[in-house]
Structures are given as structure tokens and as C-alpha cells.
Amino acid sequence: MSTGQMMGRLDGKVIVMSAAAQGIGRATAIAFAKEGARVIATDLNEAKVKELEMYSGIETRKLDVTKKEQIDCLAKDIEKVDVLVNIAGFVHHGTILECEETDWDFTMNVNVRSMYLMIKAFLPKMLAQKSGNIINMSSVASSIKGVANRCVYSTSKAAVIGLTKSVAADFIEQGIRCNCVYPGTVDTPSLRERIHARPNPEQAFKDFLARQKTGRLATAEEVAHLFVYLASDESVYVTGADYIIDGGWSL
């Protein structure tokens, strides 16, 4: 076991991540730990994220990524950080006409402002150590592809792309890299919740499946493999890049 850990692709790296309690976040936290990283897994759902502590290398914290004070407090507690992974997000269903100002503000707050706050809090530590790696979660539903009933969600995820490229460009000479992951439809608890919230859940699931030419949805673990690559030194020459992992949905 110890030999395996010594040979881990992320051996010795300290990784801070948001939205680790379920879905892609949970799968990614576990994948990071299995590759030898020390993972500080955060989530708003304290009880759920705590379940990750059964895995060696993972410690958990309750964190609301919309609260600057909580983020700053976490950043003060952590001396060294190699990789920051911003996964927290919310999917609003509807066109612009079905998006109220409160929906707009809430979505932009969770999906974009949270990343701004997290990067702002942890980037100075990375600059001080002259190395750092930031990975942001965007989506194919963004500037990549127009998707029905995803108005504010797509807008927010397009903003994440702009944020990623901006940070990558500004700090490339200081040893910082910043990249973006664009999943398509992934079979996660949050997707299942959204399906069950539709008037006809069975039809909603069929609709999600119909847009995947591969005939199936992605698993959270498949997306986690991509995060491991981007967190590792294998991707050391990669910055400002977009990684689409959508089973060809955006083709």
C-alpha cells in the first residue's frame, strides 16, 4: 500500500476543493487521494462530505463558497496549497423569460462569484511559492453549445471560461496555471434530483439520454480521471486550456 502511494501521480500535493460531498466532486476527491494527494474536501453539506474521511488522505471542512469570510478563514488555516479545484455549481432550468432576477443572482453567485472568491483567497499562497494549479468546472452548456432551458446556467459557465483564461494569462510567468473542464451530461445525484423535479421524470431522463450519441451518460469517475491528469505534473505544460468530456455531445 505504502509503495503504491509513493508512486502516486499526485504524491505529496495538497489539494483544496469545493463541492466534494457528491457526484463529480466526491469521485474526484477519492481519485485524488488514491493517487497520493492530501485532499481538503469542502462542501456546504457537512454530514455528507464527512463520509469521505473513511478514505486515507482526505480531510473535510464545511464551507459555503458564497461566503467570503468562510473562504478567507479556510485559506488562513491552510499553509500550502498546490491545486485549487472549483466544482461548486447550481443548474437553473428555464429560458431567459423563466429566469427571475433572484434566479440570475443566485446562479451567478454560486457558479462564478464563488470561483472568484476562492481564487482570490488561495492565489497569493501559490504566488508566494511560485507554483500553483487551478482547475475550474465549466460545462458544454456555455459558449461551447447553446442548450435549451439553460439560460443563466450557460451564461454563468461561459463566464467561468473567461475567468479561467484570464487567470491563466495574468499569472503564467509566475508559475501558475489555470484550466477548465467542460463535462456534458453526467450521471450524478444532482442530475437525478433535477430529473425527479420535472413534471414527467421518465421523459426527462429519456431526453437527457437521447442527446448522447454514445447511448449513455458519463460517470462521475470518468470525469474524475480528467481532473487527476490536470492536477498532476503530467499536464505541467497545459494552461488556459479547455477540456471537453461529453461523449461527443458538442460535435
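Here are the numbers for this structure:
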| item | result |
| --- | --- |
| Qualifying residue in the stretch 43-58 (condition: out of contact with any Phe, Trp or Tyr (no Cβ under 8 Å at 6 or more places or on another chain), over 30 Å from Val147 (Cα atoms) and hydroxyl-bearing (Ser, Thr, Tyr)) | yes |
| Filter result (among the aliphatic types (A, V, I, L, M) and part of a helix (DSSP H, G or I)) within the stretch 168-193 | Ala168, Ala169, Ile172, Leu191 |
| Residue satisfying condition, being closer than 20 Å to Gly12 by Cα, within 18 Å of the chain's Cα centre (by Cα) and either at pLDDT below 95 or in a loop (DSSP other than H, G, I, E, B) (or both), within set Val81, Val65, Val91, Val85 | Val81 |
| Matching entry among Ser190, Ser232 (being under 15 Å from the mean Cα position of the chain (by Cα) and of a type in the set (S, T, N, Q)) | Ser190 |
| Residue within the stretch 143-151 that is in a helix (DSSP H, G or I), under 20 Å from the mean Cα position of the chain (by Cα) and closer than 28 Å to Pro201 by Cα present | yes |
| Residue, modelled with the highest pLDDT, within the stretch 231-246, restricted to residues that are out of contact with any strand residue (DSSP E or B) (no Cβ under 6 Å at 6 or more places or on another chain) and buried (at least 19 other Cβ atoms within 10 Å of the Cβ) | Ser232 |
| Pairs with Cβ under 7 Å, 6+ apart, first in the stretch 45-67 and within 23 Å of Glu35 (Cβ to Cβ) and without any contact (Cβ under 8 Å) to a residue 24 or more places away in the chain, second part of a helix (DSSP H, G or I) and of a type in the set (D, E, K, R) | Glu59/Glu53 |
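Yes/no per residue for (1) surrounded by fewer than 19 Cβ atoms within 10 Å (Cβ to Cβ); (2) under 18 Å from the mean Cα position of the chain (by Cα); (3) in a helix (DSSP H, G or I):
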| site | (1), (2), (3) |
| --- | --- |
| Leu127 | yes, no, yes |
| Gly162 | yes, yes, yes |
| Ser166 | yes, yes, yes |
| Ile195 | yes, no, yes |
| Leu209 | yes, no, yes |
| Gly215 | yes, no, no |
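The values are calculated or read from the model by the stated rules, or taken from the named source; none is laboratory data. In this text, all values refer to a predicted model and were calculated from it rather than measured experimentally. Using ideal geometry, Cβ is built from the backbone for each residue, glycine included, and neighbour counts are taken over all protein chains shown.
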